[in-house]
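Student: Next up is a structure, given as C-alpha coordinates.
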Amino acid sequence: MDDVIAAVATPPGKGGVAIVRVSGQGALAVAEKMFTPAGKTKVACFAPYRLYPGRIDCGGFADFGLCVYFKAPHSFTGEDVVEFHCHGGTEIARGALLRTLACGARLAGRGEFTKRAFLNGKLSLASAEGLADMINGESEAEVRAGSMLYAERLSAAVRAAQAQLTELLAGIDADMDFPEEDIEHTDLFTAKEHIRALAASLEELTRSYGTGKKIGSGVSVVLAGRPNTGKSSVLNALLGSDRAIVSAQAGTTRDAVEGSIEIGGVRFDLCDTAGLRAGADALEREGVERARRRIEGADLVLFVLDASQPMSEEDKEAYAALEGKKMLVVHNKTDLRADACELPADVRVSALTGENIPLLKQKMFDACMQGYNTDALFVTQERHYAALSRALALLREAEGLCGSVPPDLWGVPLREAWEALGEVTGETANERIIDEIFSKFCVGK
Ligand code: GDP
(Lines give C-alpha, C1' and ligand atoms only; values in the text may rest on other atoms or scores of the structure.)
Protein backbone atom coordinates (compact mmCIF):
# COMPACT_ATOMS: atom_id res chain seq x y z
CA MET A 1 0.00 0.00 0.00
CA ASP A 2 2.95 2.38 -0.20
CA ASP A 3 2.33 3.19 -3.83
CA VAL A 4 0.08 5.96 -5.10
CA ILE A 5 -3.08 4.92 -6.93
CA ALA A 6 -5.25 7.01 -9.26
CA ALA A 7 -8.54 6.66 -11.10
CA VAL A 8 -11.38 8.68 -12.52
CA ALA A 9 -13.93 8.68 -9.68
CA THR A 10 -16.91 9.89 -11.70
CA PRO A 11 -18.81 7.78 -14.24
CA PRO A 12 -17.71 7.98 -17.89
CA GLY A 13 -19.57 10.40 -20.13
CA LYS A 14 -20.20 14.11 -20.39
CA GLY A 15 -21.22 16.07 -17.31
CA GLY A 16 -20.64 19.12 -15.18
CA VAL A 17 -17.50 17.86 -13.52
CA ALA A 18 -15.25 14.84 -13.60
CA ILE A 19 -13.12 13.94 -10.61
CA VAL A 20 -9.75 12.27 -10.71
CA ARG A 21 -8.81 10.80 -7.36
CA VAL A 22 -5.28 10.06 -6.20
CA SER A 23 -4.47 8.22 -2.96
CA GLY A 24 -1.32 7.23 -1.14
CA GLN A 25 1.72 8.75 0.43
CA GLY A 26 2.99 11.07 -2.25
CA ALA A 27 -0.42 12.09 -3.58
CA LEU A 28 0.36 15.71 -2.83
CA ALA A 29 3.65 15.37 -4.70
CA VAL A 30 1.67 14.26 -7.76
CA ALA A 31 -0.47 17.39 -7.41
CA GLU A 32 2.64 19.55 -7.11
CA LYS A 33 3.81 18.29 -10.49
CA MET A 34 0.58 18.83 -12.41
CA PHE A 35 -1.45 21.55 -10.66
CA THR A 36 -0.64 25.24 -10.85
CA PRO A 37 -2.67 27.17 -8.28
CA ALA A 38 -4.30 30.39 -9.42
CA GLY A 39 -3.75 31.89 -5.98
CA LYS A 40 -0.59 32.45 -3.95
CA THR A 41 -0.70 29.24 -1.87
CA LYS A 42 1.69 26.62 -3.19
CA VAL A 43 0.40 23.03 -3.53
CA ALA A 44 2.77 21.85 -0.77
CA CYS A 45 1.13 24.35 1.57
CA PHE A 46 -2.48 23.48 0.71
CA ALA A 47 -4.75 23.39 3.75
CA PRO A 48 -6.72 20.15 3.84
CA TYR A 49 -10.38 20.00 2.75
CA ARG A 50 -10.23 23.28 0.85
CA LEU A 51 -10.86 23.68 -2.83
CA TYR A 52 -8.13 25.57 -4.67
CA PRO A 53 -8.71 26.81 -8.22
CA GLY A 54 -5.95 26.43 -10.76
CA ARG A 55 -4.58 24.91 -13.92
CA ILE A 56 -4.69 21.13 -14.27
CA ASP A 57 -2.01 19.80 -16.59
CA CYS A 58 -3.61 17.09 -18.72
CA GLY A 59 -0.60 16.30 -20.89
CA GLY A 60 -1.40 17.57 -24.38
CA PHE A 61 -3.74 20.26 -23.03
CA ALA A 62 -4.70 21.96 -19.77
CA ASP A 63 -7.97 22.40 -17.96
CA PHE A 64 -8.91 25.00 -15.40
CA GLY A 65 -10.46 23.38 -12.36
CA LEU A 66 -10.08 22.70 -8.67
CA CYS A 67 -7.79 20.72 -6.45
CA VAL A 68 -8.53 19.48 -2.94
CA TYR A 69 -6.24 17.74 -0.47
CA PHE A 70 -7.45 15.31 2.20
CA LYS A 71 -4.75 14.76 4.78
CA ALA A 72 -4.10 11.28 6.21
CA PRO A 73 -5.60 9.75 8.25
CA HIS A 74 -8.72 11.90 7.83
CA SER A 75 -9.58 10.87 4.30
CA PHE A 76 -11.78 8.18 2.76
CA THR A 77 -8.86 5.78 2.33
CA GLY A 78 -7.05 6.85 5.48
CA GLU A 79 -4.12 7.95 3.30
CA ASP A 80 -3.21 11.28 1.77
CA VAL A 81 -5.75 11.88 -0.99
CA VAL A 82 -5.82 14.51 -3.71
CA GLU A 83 -8.71 15.14 -6.05
CA PHE A 84 -8.73 17.09 -9.26
CA HIS A 85 -12.11 18.44 -10.27
CA CYS A 86 -11.96 19.04 -13.99
CA HIS A 87 -14.64 19.77 -16.54
CA GLY A 88 -16.82 16.77 -17.19
CA GLY A 89 -15.58 15.47 -20.53
CA THR A 90 -14.34 11.93 -20.98
CA GLU A 91 -11.12 13.02 -22.69
CA ILE A 92 -10.45 15.75 -20.14
CA ALA A 93 -10.69 13.27 -17.27
CA ARG A 94 -8.59 10.77 -19.20
CA GLY A 95 -5.94 13.41 -19.87
CA ALA A 96 -5.78 14.33 -16.19
CA LEU A 97 -5.63 10.67 -15.19
CA LEU A 98 -2.83 9.89 -17.65
CA ARG A 99 -0.94 12.87 -16.28
CA THR A 100 -1.21 11.49 -12.70
CA LEU A 101 0.28 8.24 -14.01
CA ALA A 102 3.12 10.14 -15.65
CA CYS A 103 3.67 11.90 -12.32
CA GLY A 104 4.19 8.65 -10.41
CA ALA A 105 0.77 7.21 -9.68
CA ARG A 106 -0.45 3.84 -10.94
CA LEU A 107 -3.92 2.95 -12.13
CA ALA A 108 -6.17 1.76 -9.29
CA GLY A 109 -7.96 -1.58 -9.50
CA ARG A 110 -11.65 -2.13 -8.89
CA GLY A 111 -12.66 -0.97 -5.42
CA GLU A 112 -9.05 -0.33 -4.49
CA PHE A 113 -9.75 2.98 -2.75
CA THR A 114 -12.39 1.31 -0.59
CA LYS A 115 -10.16 -1.69 0.01
CA ARG A 116 -7.46 0.64 1.28
CA ALA A 117 -10.05 2.29 3.52
CA PHE A 118 -10.88 -1.17 4.91
CA LEU A 119 -7.25 -2.18 5.37
CA ASN A 120 -6.55 1.15 7.09
CA GLY A 121 -9.42 0.53 9.52
CA LYS A 122 -11.63 3.35 8.19
CA LEU A 123 -14.58 1.00 7.72
CA SER A 124 -15.45 -2.63 8.36
CA LEU A 125 -16.01 -5.18 5.63
CA ALA A 126 -19.76 -5.05 6.28
CA SER A 127 -19.64 -1.27 5.95
CA ALA A 128 -17.87 -1.53 2.59
CA GLU A 129 -20.55 -3.98 1.46
CA GLY A 130 -23.19 -1.50 2.61
CA LEU A 131 -21.53 1.15 0.48
CA ALA A 132 -21.71 -1.18 -2.54
CA ASP A 133 -25.39 -1.80 -1.76
CA MET A 134 -26.03 1.94 -1.62
CA ILE A 135 -24.34 2.45 -4.98
CA ASN A 136 -26.01 -0.52 -6.66
CA GLY A 137 -29.35 -0.25 -4.85
CA GLU A 138 -32.41 -0.15 -7.06
CA SER A 139 -35.02 0.65 -4.44
CA GLU A 140 -35.27 3.07 -1.55
CA ALA A 141 -35.36 0.19 0.96
CA GLU A 142 -32.21 -1.32 -0.52
CA VAL A 143 -30.31 1.95 -0.34
CA ARG A 144 -31.58 2.55 3.19
CA ALA A 145 -30.47 -0.93 4.31
CA GLY A 146 -27.12 -0.30 2.59
CA SER A 147 -26.71 2.99 4.41
CA MET A 148 -27.33 1.26 7.76
CA LEU A 149 -24.65 -1.28 6.95
CA TYR A 150 -22.36 1.51 5.82
CA ALA A 151 -23.01 3.30 9.12
CA GLU A 152 -21.75 0.16 10.93
CA ARG A 153 -25.10 -0.73 12.54
CA LEU A 154 -24.59 -4.46 11.94
CA SER A 155 -20.90 -4.29 12.81
CA ALA A 156 -21.78 -2.59 16.12
CA ALA A 157 -24.21 -5.40 17.00
CA VAL A 158 -21.65 -8.01 16.02
CA ARG A 159 -18.86 -6.34 17.98
CA ALA A 160 -21.09 -6.11 21.07
CA ALA A 161 -21.69 -9.87 20.82
CA GLN A 162 -17.97 -10.47 20.36
CA ALA A 163 -17.20 -8.36 23.45
CA GLN A 164 -19.52 -10.55 25.51
CA LEU A 165 -17.86 -13.67 24.17
CA THR A 166 -14.46 -12.24 25.02
CA GLU A 167 -15.64 -11.68 28.57
CA LEU A 168 -16.89 -15.25 28.86
CA LEU A 169 -13.69 -16.62 27.41
CA ALA A 170 -11.59 -14.53 29.81
CA GLY A 171 -13.48 -16.13 32.71
CA ILE A 172 -12.76 -19.59 31.33
CA ASP A 173 -9.08 -18.78 30.80
CA ALA A 174 -8.78 -17.54 34.38
CA ASP A 175 -10.30 -20.79 35.59
CA MET A 176 -7.84 -22.80 33.56
CA ASP A 177 -4.80 -20.69 34.51
CA PHE A 178 -5.44 -20.53 38.25
CA PRO A 179 -7.46 -23.61 39.10
CA GLU A 180 -5.89 -23.80 42.53
CA GLU A 181 -7.21 -20.40 43.52
CA ASP A 182 -10.33 -20.62 45.49
CA ILE A 183 -12.22 -18.09 43.44
CA GLU A 184 -15.11 -19.13 41.21
CA HIS A 185 -14.19 -17.32 38.01
CA THR A 186 -16.98 -18.85 36.00
CA ASP A 187 -20.32 -19.23 37.60
CA LEU A 188 -21.76 -22.00 35.46
CA PHE A 189 -25.34 -20.96 35.85
CA THR A 190 -24.60 -17.34 34.93
CA ALA A 191 -22.42 -18.41 32.03
CA LYS A 192 -25.11 -20.62 30.59
CA GLU A 193 -27.69 -17.85 30.91
CA HIS A 194 -25.25 -15.46 29.32
CA ILE A 195 -24.71 -17.77 26.33
CA ARG A 196 -28.44 -18.34 26.00
CA ALA A 197 -29.19 -14.60 25.96
CA LEU A 198 -26.47 -14.02 23.43
CA ALA A 199 -27.81 -16.81 21.23
CA ALA A 200 -31.32 -15.35 21.48
CA SER A 201 -30.12 -11.96 20.24
CA LEU A 202 -28.22 -13.58 17.36
CA GLU A 203 -31.26 -15.63 16.51
CA GLU A 204 -33.35 -12.49 16.24
CA LEU A 205 -30.76 -11.01 13.93
CA THR A 206 -30.64 -14.11 11.70
CA ARG A 207 -34.43 -14.20 11.61
CA SER A 208 -34.45 -10.68 10.20
CA TYR A 209 -32.88 -12.14 7.04
CA GLY A 210 -36.33 -13.41 6.06
CA THR A 211 -37.34 -9.81 5.43
CA GLY A 212 -33.85 -8.45 4.82
CA LYS A 213 -33.28 -10.79 1.90
CA LYS A 214 -36.35 -9.39 0.18
CA ILE A 215 -35.03 -5.87 0.68
CA GLY A 216 -31.79 -6.81 -1.02
CA SER A 217 -33.00 -9.00 -3.82
CA GLY A 218 -36.60 -7.87 -4.29
CA VAL A 219 -39.83 -9.65 -3.41
CA SER A 220 -40.68 -12.16 -6.10
CA VAL A 221 -44.36 -12.32 -6.98
CA VAL A 222 -45.92 -14.71 -9.43
CA LEU A 223 -49.38 -14.32 -10.93
CA ALA A 224 -51.06 -17.67 -11.35
CA GLY A 225 -54.43 -18.97 -12.40
CA ARG A 226 -56.13 -20.51 -15.40
CA PRO A 227 -55.91 -18.74 -18.75
CA ASN A 228 -58.14 -15.76 -19.36
CA THR A 229 -58.80 -14.73 -15.76
CA GLY A 230 -56.88 -11.55 -16.51
CA LYS A 231 -53.43 -12.24 -15.10
CA SER A 232 -51.59 -10.23 -17.79
CA SER A 233 -54.11 -7.45 -17.35
CA VAL A 234 -53.60 -7.38 -13.56
CA LEU A 235 -49.85 -7.40 -14.11
CA ASN A 236 -50.14 -4.46 -16.49
CA ALA A 237 -52.38 -2.61 -14.06
CA LEU A 238 -49.77 -3.15 -11.34
CA LEU A 239 -46.94 -2.07 -13.61
CA GLY A 240 -48.94 0.81 -14.97
CA SER A 241 -47.91 -0.03 -18.50
CA ASP A 242 -48.71 -2.38 -21.34
CA ARG A 243 -45.72 -4.60 -20.86
CA ALA A 244 -47.39 -8.00 -21.02
CA ILE A 245 -49.33 -8.89 -24.11
CA VAL A 246 -53.03 -9.17 -23.39
CA SER A 247 -55.03 -11.50 -25.57
CA ALA A 248 -58.60 -12.75 -25.50
CA GLN A 249 -57.46 -16.18 -26.64
CA ALA A 250 -56.89 -18.64 -23.82
CA GLY A 251 -53.31 -19.71 -23.15
CA THR A 252 -51.51 -16.98 -25.06
CA THR A 253 -49.21 -15.90 -22.27
CA ARG A 254 -46.73 -18.64 -22.85
CA ASP A 255 -43.68 -17.32 -21.12
CA ALA A 256 -43.01 -15.47 -17.93
CA VAL A 257 -43.24 -11.72 -18.32
CA GLU A 258 -41.31 -9.62 -15.90
CA GLY A 259 -41.50 -6.15 -14.51
CA SER A 260 -40.70 -4.47 -11.22
CA ILE A 261 -42.57 -1.99 -9.07
CA GLU A 262 -41.74 -0.29 -5.81
CA ILE A 263 -44.23 -0.65 -2.98
CA GLY A 264 -43.42 1.16 0.25
CA GLY A 265 -39.87 1.66 -1.04
CA VAL A 266 -39.38 -2.09 -1.53
CA ARG A 267 -38.82 -3.63 -4.95
CA PHE A 268 -41.35 -6.24 -6.05
CA ASP A 269 -40.47 -8.34 -9.10
CA LEU A 270 -43.59 -9.51 -10.85
CA CYS A 271 -43.97 -12.28 -13.30
CA ASP A 272 -46.94 -13.57 -15.18
CA THR A 273 -47.13 -17.26 -15.92
CA ALA A 274 -48.73 -19.44 -18.49
CA GLY A 275 -52.01 -20.70 -17.10
CA LEU A 276 -51.66 -24.00 -15.31
CA ARG A 277 -53.62 -25.85 -17.96
CA ALA A 278 -53.60 -29.58 -18.38
CA GLY A 279 -53.65 -31.12 -21.87
CA ALA A 280 -51.99 -28.19 -23.60
CA ASP A 281 -49.61 -28.47 -26.59
CA ALA A 282 -45.89 -29.06 -26.15
CA LEU A 283 -44.89 -25.41 -26.21
CA GLU A 284 -47.54 -24.53 -23.73
CA ARG A 285 -46.64 -27.49 -21.52
CA GLU A 286 -43.11 -26.16 -21.34
CA GLY A 287 -44.50 -22.79 -20.24
CA VAL A 288 -46.58 -24.55 -17.62
CA GLU A 289 -43.53 -26.37 -16.29
CA ARG A 290 -41.61 -23.12 -16.11
CA ALA A 291 -44.57 -21.54 -14.31
CA ARG A 292 -44.49 -24.31 -11.73
CA ARG A 293 -40.83 -23.69 -11.06
CA ARG A 294 -41.42 -19.95 -10.76
CA ILE A 295 -44.26 -20.51 -8.35
CA GLU A 296 -42.06 -22.73 -6.23
CA GLY A 297 -39.42 -20.03 -5.89
CA ALA A 298 -41.81 -17.12 -5.38
CA ASP A 299 -42.27 -15.20 -2.14
CA LEU A 300 -45.91 -14.61 -2.98
CA VAL A 301 -48.45 -15.90 -5.48
CA LEU A 302 -51.36 -13.82 -6.70
CA PHE A 303 -54.01 -16.38 -7.55
CA VAL A 304 -56.20 -14.61 -10.07
CA LEU A 305 -59.81 -15.65 -10.55
CA ASP A 306 -62.56 -14.30 -12.75
CA ALA A 307 -65.05 -12.79 -10.28
CA SER A 308 -67.81 -12.93 -12.86
CA GLN A 309 -67.78 -16.70 -13.15
CA PRO A 310 -68.11 -19.64 -10.78
CA MET A 311 -64.88 -21.58 -10.30
CA SER A 312 -64.27 -24.01 -13.14
CA GLU A 313 -62.48 -27.35 -12.89
CA GLU A 314 -59.45 -25.61 -14.35
CA ASP A 315 -59.58 -22.97 -11.60
CA LYS A 316 -59.79 -25.68 -8.98
CA GLU A 317 -56.86 -27.53 -10.51
CA ALA A 318 -54.77 -24.37 -10.59
CA TYR A 319 -55.71 -23.61 -6.99
CA ALA A 320 -54.79 -27.12 -5.83
CA ALA A 321 -51.37 -26.75 -7.50
CA LEU A 322 -50.64 -23.77 -5.25
CA GLU A 323 -51.13 -25.57 -1.99
CA GLY A 324 -48.80 -24.46 0.75
CA LYS A 325 -47.71 -21.26 -1.03
CA LYS A 326 -48.10 -17.84 0.47
CA MET A 327 -50.96 -16.52 -1.61
CA LEU A 328 -53.45 -13.74 -2.14
CA VAL A 329 -56.72 -14.72 -3.79
CA VAL A 330 -57.46 -11.95 -6.27
CA HIS A 331 -60.88 -11.64 -7.85
CA ASN A 332 -60.54 -9.80 -11.12
CA LYS A 333 -63.16 -8.36 -13.51
CA THR A 334 -65.30 -6.96 -10.69
CA ASP A 335 -66.61 -4.46 -13.26
CA LEU A 336 -68.60 -7.34 -14.79
CA ARG A 337 -70.19 -9.25 -11.97
CA ALA A 338 -68.33 -9.36 -8.69
CA ASP A 339 -69.92 -12.19 -6.76
CA ALA A 340 -70.07 -15.28 -8.98
CA CYS A 341 -66.82 -16.87 -7.72
CA GLU A 342 -67.26 -18.92 -4.57
CA LEU A 343 -63.65 -18.86 -3.29
CA PRO A 344 -63.38 -16.01 -0.75
CA ALA A 345 -61.27 -13.14 -2.06
CA ASP A 346 -58.42 -11.38 -0.28
CA VAL A 347 -58.88 -8.49 -2.67
CA ARG A 348 -61.32 -7.72 -5.48
CA VAL A 349 -59.98 -5.74 -8.41
CA SER A 350 -60.77 -4.72 -11.91
CA ALA A 351 -57.72 -4.62 -14.12
CA LEU A 352 -59.88 -2.90 -16.71
CA THR A 353 -60.95 0.08 -14.59
CA GLY A 354 -57.99 -0.01 -12.18
CA GLU A 355 -60.31 -0.32 -9.21
CA ASN A 356 -58.56 -1.53 -6.03
CA ILE A 357 -55.16 -1.89 -7.68
CA PRO A 358 -53.63 0.35 -4.93
CA LEU A 359 -55.32 -1.89 -2.34
CA LEU A 360 -53.82 -4.95 -4.01
CA LYS A 361 -50.37 -3.34 -3.74
CA GLN A 362 -50.95 -2.64 -0.06
CA LYS A 363 -52.01 -6.25 0.55
CA MET A 364 -48.95 -7.51 -1.30
CA PHE A 365 -46.75 -5.37 0.90
CA ASP A 366 -48.48 -6.50 4.10
CA ALA A 367 -48.30 -10.16 3.11
CA CYS A 368 -44.55 -10.08 2.45
CA MET A 369 -43.10 -7.34 4.58
CA GLN A 370 -45.02 -7.83 7.80
CA GLY A 371 -43.41 -5.97 10.66
CA TYR A 372 -41.02 -4.16 8.33
CA ASN A 373 -39.76 -1.19 10.26
CA THR A 374 -37.56 1.17 8.33
CA ASP A 375 -35.42 1.94 11.39
CA ALA A 376 -34.83 -1.65 12.42
CA LEU A 377 -31.64 -3.51 11.67
CA PHE A 378 -31.98 -6.22 9.02
CA VAL A 379 -29.55 -8.76 7.76
CA THR A 380 -29.73 -8.32 3.99
CA GLN A 381 -26.74 -10.26 2.73
CA GLU A 382 -26.29 -13.99 2.52
CA ARG A 383 -22.66 -13.74 3.58
CA HIS A 384 -23.64 -12.07 6.84
CA TYR A 385 -26.51 -14.47 7.35
CA ALA A 386 -24.22 -17.47 6.88
CA ALA A 387 -21.65 -16.15 9.36
CA LEU A 388 -24.30 -15.26 11.95
CA SER A 389 -26.01 -18.63 11.55
CA ARG A 390 -22.71 -20.41 12.07
CA ALA A 391 -22.03 -18.32 15.19
CA LEU A 392 -25.52 -19.13 16.45
CA ALA A 393 -25.09 -22.87 15.96
CA LEU A 394 -21.77 -22.74 17.82
CA LEU A 395 -23.35 -20.84 20.71
CA ARG A 396 -26.06 -23.46 20.94
CA GLU A 397 -23.36 -26.12 20.99
CA ALA A 398 -21.54 -24.30 23.80
CA GLU A 399 -24.79 -23.88 25.70
CA GLY A 400 -25.40 -27.63 25.50
CA LEU A 401 -21.86 -28.43 26.71
CA CYS A 402 -21.79 -25.82 29.46
CA GLY A 403 -21.96 -27.59 32.80
CA SER A 404 -21.47 -31.12 31.51
CA VAL A 405 -17.83 -30.88 30.44
CA PRO A 406 -14.84 -28.82 31.67
CA PRO A 407 -15.00 -25.13 30.69
CA ASP A 408 -12.10 -25.29 28.26
CA LEU A 409 -14.16 -27.70 26.15
CA TRP A 410 -17.20 -25.49 25.83
CA GLY A 411 -14.82 -22.61 25.37
CA VAL A 412 -13.88 -24.07 21.97
CA PRO A 413 -17.21 -23.43 20.22
CA LEU A 414 -17.37 -20.03 21.93
CA ARG A 415 -14.04 -19.09 20.41
CA GLU A 416 -15.17 -20.35 17.02
CA ALA A 417 -18.37 -18.33 17.36
CA TRP A 418 -16.23 -15.26 17.97
CA GLU A 419 -14.35 -15.98 14.77
CA ALA A 420 -17.51 -16.58 12.77
CA LEU A 421 -18.79 -13.17 13.91
CA GLY A 422 -15.49 -11.62 12.88
CA GLU A 423 -16.19 -12.58 9.28
CA VAL A 424 -18.99 -10.03 9.21
CA THR A 425 -16.73 -7.13 10.15
CA GLY A 426 -13.82 -8.57 8.20
CA GLU A 427 -11.61 -9.15 11.23
CA THR A 428 -11.39 -12.87 10.50
CA ALA A 429 -12.44 -12.95 6.83
CA ASN A 430 -9.93 -14.52 4.49
CA GLU A 431 -8.23 -12.71 1.65
CA ARG A 432 -10.23 -14.46 -1.06
CA ILE A 433 -13.53 -13.19 0.39
CA ILE A 434 -12.12 -9.70 0.86
CA ASP A 435 -10.87 -9.58 -2.75
CA GLU A 436 -14.20 -10.88 -4.02
CA ILE A 437 -16.09 -8.16 -2.20
CA PHE A 438 -13.94 -5.32 -3.48
CA SER A 439 -13.92 -6.65 -7.02
CA LYS A 440 -17.65 -5.86 -7.12
CA PHE A 441 -16.90 -2.16 -6.95
CA CYS A 442 -16.06 -0.15 -10.00
CA VAL A 443 -12.68 1.37 -10.72
CA GLY A 444 -12.51 4.74 -8.96
CA LYS A 445 -14.42 3.65 -5.86
P1 GDP B 1 -54.66 -14.12 -18.79
O2 GDP B 1 -54.75 -15.19 -19.80
O3 GDP B 1 -55.08 -14.62 -17.42
O4 GDP B 1 -53.33 -13.44 -18.73
O5 GDP B 1 -55.76 -13.01 -19.14
P6 GDP B 1 -55.63 -11.66 -19.97
O7 GDP B 1 -55.02 -10.59 -19.14
O8 GDP B 1 -55.04 -11.96 -21.29
O9 GDP B 1 -57.17 -11.29 -20.11
C10 GDP B 1 -58.09 -12.16 -20.70
C11 GDP B 1 -59.29 -11.36 -21.16
O12 GDP B 1 -59.97 -10.78 -20.05
C13 GDP B 1 -58.93 -10.21 -22.09
O14 GDP B 1 -59.90 -10.10 -23.08
C15 GDP B 1 -58.97 -8.99 -21.15
O16 GDP B 1 -59.28 -7.81 -21.83
C17 GDP B 1 -60.08 -9.38 -20.22
N18 GDP B 1 -59.95 -8.74 -18.91
C19 GDP B 1 -58.88 -8.73 -18.12
N20 GDP B 1 -59.12 -8.07 -16.97
C21 GDP B 1 -60.39 -7.61 -17.06
C22 GDP B 1 -61.23 -6.84 -16.17
O23 GDP B 1 -60.86 -6.42 -15.08
N24 GDP B 1 -62.48 -6.61 -16.61
C25 GDP B 1 -62.95 -7.04 -17.77
N26 GDP B 1 -64.20 -6.76 -18.10
N27 GDP B 1 -62.19 -7.75 -18.63
C28 GDP B 1 -60.93 -8.04 -18.28
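The values are calculated or read from the model by the stated rules, or taken from the named source; none is laboratory data. The structure displayed is predicted, hence computed values, not measured ones. Heads up, the Cβs are rebuilt from the backbone with ideal geometry, glycines too, and the neighbour counts pull from every protein chain shown. The area values use the complete protein model at the heavy-atom level, side chains included, leaving out ligands, DNA and RNA. Shrake-Rupley method; radii C 1.70, N 1.55, O 1.52, S 1.80 Å.
Student: Which of the chymotrypsin sites (Phe, Trp or Tyr not before Pro) found in the range 30-132 are loop residues per DSSP with 12 or fewer other Cβ atoms within 10 Å of their Cβ?
Tutor: Details: sites: Phe35, Phe46, Tyr49, Phe61, Phe64, Tyr69, Phe70, Phe76, Phe84, Phe113, Phe118; in loops: Phe46, Tyr49, Phe61, Phe76.
Within the range 30-132, the qualifying chymotrypsin sites (Phe, Trp or Tyr not before Pro) (loop, at most 12 other Cβ atoms within 10 Å) are Tyr49, Phe61.
Student: Suppose accessible area is computed on protein heavy atoms with a 1.4 Å probe; arrange Arg267, Arg106, Arg207 from highest to lowest.
Tutor: Details: Arg267 40, Arg106 90, Arg207 155 Å².
Putting Arg267, Arg106, Arg207 in descending order of accessible area: Arg207, Arg106, Arg267.
Student: Using helices alone, I'd like the mean residue ellipticity at 222 nm for the chain: each DSSP H run of four-plus residues gives -39500 (n - 2.57), total over residue count, nearest 500.
Tutor: Details: 15 runs with 198 residues, N = 445.
One gets -14000 deg cm²/dmol as the mean residue ellipticity at 222 nm.
Student: Also, quick follow-up: Starting from the range 129-159, pick out the trypsin sites (Lys or Arg not before Pro) whose DSSP state is loop and whose Cβ has at most 11 other Cβ atoms within 10 Å. Intermediate values should be presented prior to the final figure.
Tutor: On the way: sites: Arg144, Arg153, Arg159; in loops: none.
Qualifying residues, ordered by number: none.
Student: For helix 140-150, report the angle its Cα long axis makes with the longest principal axis of the Cα atoms of the chain; keep it between 0 and 90° and round to the nearest 10°.
Tutor: 30 degrees
Student: What accessible surface, in Å², does a 1.4 Å probe find on Met311, ignoring ligands, DNA and RNA and rounding to the nearest 10?
Tutor: Ignoring ligands and nucleic acids, Met311 comes out at about 20 Å².
Student: Calculate the spin-label point distance for Ala102 paired with Thr36, positioning each point 7 Å from the Cα along the beta-carbon direction, and give it in nanometres.
Tutor: 1.4 nm
Student: Would you mind checking the tilt of helix 90-102 against the longest principal axis of the Cα atoms of the chain, expressed as 0 to 90 degrees and rounded to 10?
Tutor: 40 degrees
Student: Taking all protein chains as present, what is the carbon and sulfur share of the accessible area of the range 1-118, in % to the nearest whole number, probe 1.4 Å? Each step should come with its number before you reach the end.
Tutor: Values: 3260 of 5560 Å².
About 59 percent, which is the carbon plus sulfur part of the accessible surface.
Student: Here is a further query. With every protein chain kept in place and ligands, DNA and RNA left out, what is the accessible area per residue of the chain? Probe 1.4 Å, answer in Å².
Tutor: On the way: 21050 Å² over 445 residues.
Per residue, the chain has an accessible area of 47 Å².
Student: Let me ask another. What trypsin sites (Lys or Arg not before Pro) in the range 1-105 are in a loop by DSSP, with at most 13 other Cβ atoms within 10 Å of the Cβ?
Tutor: Lys14, Lys40, Lys42, Arg50
Student: Assuming R0 = 30 Å, can you tell me the calculated FRET efficiency for the pair Asp3 and Ala170, based on Cβ-Cβ distance, to the nearest 0.05?
Tutor: 0.15
Student: Could you run the Karplus curve 6.51 cos²θ - 1.76 cosθ + 1.60 with θ = phi - 60° over the range 423-431 and give me ³J(HN,Hα) per residue in whole Hz, x for Gly and Pro?
Tutor: Karplus values, whole Hz, x for Gly and Pro: 5, 5, 7, x, 4, 10, 6, 7, 4.
Student: Taking a probe of 1.4 angstrom, what is the accessible area of Lys440 in Å², to the nearest 10?
Tutor: Counting only protein heavy atoms, Lys440 exposes about 140 Å² to solvent.
Student: Counting only the heavy atoms of the protein chains, how much of Cys45 is accessible to a 1.4 Å probe, in Å² to the nearest 10?
Tutor: Per-residue accessible area (Cys45): approximately 90 Å².
Student: Still on this structure, I have one more. In what order, largest first, do Glu317, Glu204 sit by accessible area if the probe radius is 1.4 Å? If you can, show how the numbers build up before the last one.
Tutor: Details: Glu317 95, Glu204 125 Å².
From most accessible down to least: Glu204, Glu317.
Student: Further question on the same structure: Go through Trp410, Trp418 and list them by solvent-accessible area, largest first, probe radius 1.4 Å. Don't skip to the end; give the middle numbers.
Tutor: Numbers: Trp410 0, Trp418 65 Å².
Solvent-accessible surface, decreasing: Trp418, Trp410.
Student: Could you tell me which of Gly24, Met311, Ala420 has its Cα farthest along the dipole of the chain towards the positive end, charges placed at Cβ (Lys, Arg +1; Asp, Glu -1), taken about the Cα centre?
Tutor: Value computed over the given set: Gly24.
Student: Something else about it: Can you work out the FRET efficiency for the pair Ala338 and Asn136, with r the C-beta to C-beta distance and R0 = 41 Å, to the nearest 0.05? Spell out each step's value before the answer.
Tutor: Numbers: r = 43 Å, r/R0 = 1.06.
Computed FRET efficiency for Ala338 and Asn136: 0.40.
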